[in-house]
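Data block below; observations after.
The values are calculated or read from the model by the stated rules, or taken from the named source; none is laboratory data. The model shown is predicted, which means the values in this text are computed figures rather than measured ones. Cβ coordinates were reconstructed from backbone atoms using ideal geometry, including for glycine residues, and neighbour counts include every protein chain displayed.
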Amino acid sequence: MAEKPQILAELEQEQVNALAGLSMVQEEEALQVWKREYLGKSSKVMLAFSSIGQQPKEIRPLVGQVANQVKQALEAAMDACAVTVHEAALAHKLASEKLDITLPGRRPVSGGLHVQTSVLRRIYDIFAEMGFQVYRSCDVESDEYNFELLNIPAHHPARDMWDTFHVASPGMVLRTHTSPGQIRAMRQYCPEPIRVILPGMCYRYEQISARSEIQFHQVEVLAVGKNITFSDMKGTLNGFVRRLFNADVRTRLRPSYFPFTEPSAEMDVECFVCGGKGCPVCKGSGWLEIMGCGMVHPTVLLNGGYDPEIYSGFAAGMGPERISMLLHKIEDIRYFWGNDVRFLEQF
Ligand code: PHE
């Protein structure tokens, strides 16, 4: 028997190699590589087809036949493999997307309001009920507004009450209190009656300690109109304090001094920690100081554009950080702007 032509032997060997190679294929990508190698344009099988013309005449039909068989066998094996690879990929995807609906849920982390934002909103609400609007004034003020127009001329000893941050432009300061907003509100509304509160951050160049910070809020209260009296002030402030603390808290006014009010006073509330008996929070006195107040000084009314012969008014200024410290028994003012979440999360 004549020896088997070499091309036929090669085709048979190619089939064996290709099937062996296919048995290693596990992924789509590898299958494509395999297909290019064994069934692509320059694969042995495809080249065998194009070589038929160069083969001896007598074996041409046989070469064509064998090449066809090998090609069909490889295609069939490839199709079978494609199905397996696809199923494996699907199973893998399903497994990776498995969802255990019996697992307990994870609580989403939600933010909250800063304790001062809440206290300020309570203050706004209470004054809103009494007909006071919020008036926003600027943090960077001129010396004129922060001091002069409030009856505190340069070299006036009362300037010692406010240690001031001066900014780069001459004559400009970070406001040391919200009182300069009184002048701005009066100049804007004159000669209309005014009922506003002026909340905002104030700045003082002070040694930071448990009791004093270089930045803190104040809420200023201002009412200007005809026939406004000291007892209107007392009634308004009492109304506010009772809504903020509780309905039967007692208050008292002590004479005090501010250059921009005359007469001036400070309002104390009965210590709600000890009920007035005396404790460390009120330092044994039974009273807690919560704001400065007084009748708007005639000079200040004049500076705001109101004739003090016709108009009168009252003003008050309170520190909401101090109010929070009393309400929540916070012992160190530095916690407010320290941004420690362990502190902030408690409110
Ligand atoms: N501005 C004063 C302060 O900073 C508080 C105050 C405001 C007092 C209004 C009287 C009237 O201490």
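Find the residue count for segment 82-120, including only residues that are in contact (Cβ under 8 Å) with a residue 24 or more places away in the chain, among the aliphatic types (A, V, I, L, M) and assigned to a helix (DSSP H, G or I).
The number of residues fulfilling the criteria is 7.
Could you list, in sequence order, the residues of segment 220-270 that are part of a strand (DSSP E or B) and acidic (Asp, Glu)?
GLU220, GLU262, GLU266, ASP268, GLU270 - these are the residues of segment 220-270 that are part of a strand (DSSP E or B) and acidic (Asp, Glu).
What pairs come out if I take residues in segment 121-141 that are assigned by TED's automatic domain parsing to the domain that holds ARG187 and pair them with residues that are among the hydroxyl-bearing types (Ser, Thr, Tyr) whose C-beta lies under 8 Å away, six or more apart or interchain?
These pairs meet every condition: MET130/THR236; VAL134/TYR124; SER137/THR178; ASP139/TYR203.
If SER212 satisfies all but one of (1) polar (S, T, N, Q); (2) modelled with pLDDT of 95 or more; (3) under 38 Å from the mean Cα position of the chain (by Cα); (4) not in a strand (DSSP E or B), what's the number of the condition it fails?
Every condition holds for SER212 apart from (2).
In segment 152-169, which residues are out of contact with any Asp or Glu (no Cβ under 9 Å at 6 or more places or on another chain) and assigned to a loop (DSSP other than H, G, I, E, B)?
ILE152, PRO153, HIS155, HIS156, TRP162, PHE165, VAL167, ALA168, SER169
What's the total number of residues in segment 75-89 that are in contact with a Leu (Cβ under 8 Å, 6 or more places away or on another chain) and farther than 12 Å from LEU31 by Cβ?
1
Can you tell me which residues in segment 223-260 are surrounded by 16 or more Cβ atoms within 10 Å (Cβ to Cβ) and touching a Phe, Trp or Tyr at 6+ places or on another chain (Cβ under 8 Å)?
Across segment 223-260, the qualifying residues are ALA223, VAL224, GLY225, ILE228, ASP232, MET233, THR236, PHE240, PHE245, VAL249.
Among the residues of segment 296-309, count how many are more than 15 Å from the ligand (Cβ to nearest atom) and under 22 Å from GLU148 (Cβ atoms).
Of the residues in segment 296-309, 5 are more than 15 Å from the ligand (Cβ to nearest atom) and under 22 Å from GLU148 (Cβ atoms).
Across segment 259-295, which residue is nearest to the ligand (Cβ to nearest atom) among those that are within 17 Å of LEU244 (Cβ to Cβ) and of a type in the set (Asp, Glu)?
Applying the filter and picking the extreme gives GLU266.
Contact list please: Cβ distance under 9 Å, first residue in segment 310-332 and away from the ligand (no atom under 16 Å from the Cβ), second residue assigned to a strand (DSSP E or B), pairs at least six apart or on different chains.
TYR311/VAL224; TYR311/GLY225; TYR311/VAL296; LEU326/VAL269; LEU326/LEU288; LEU326/ILE290
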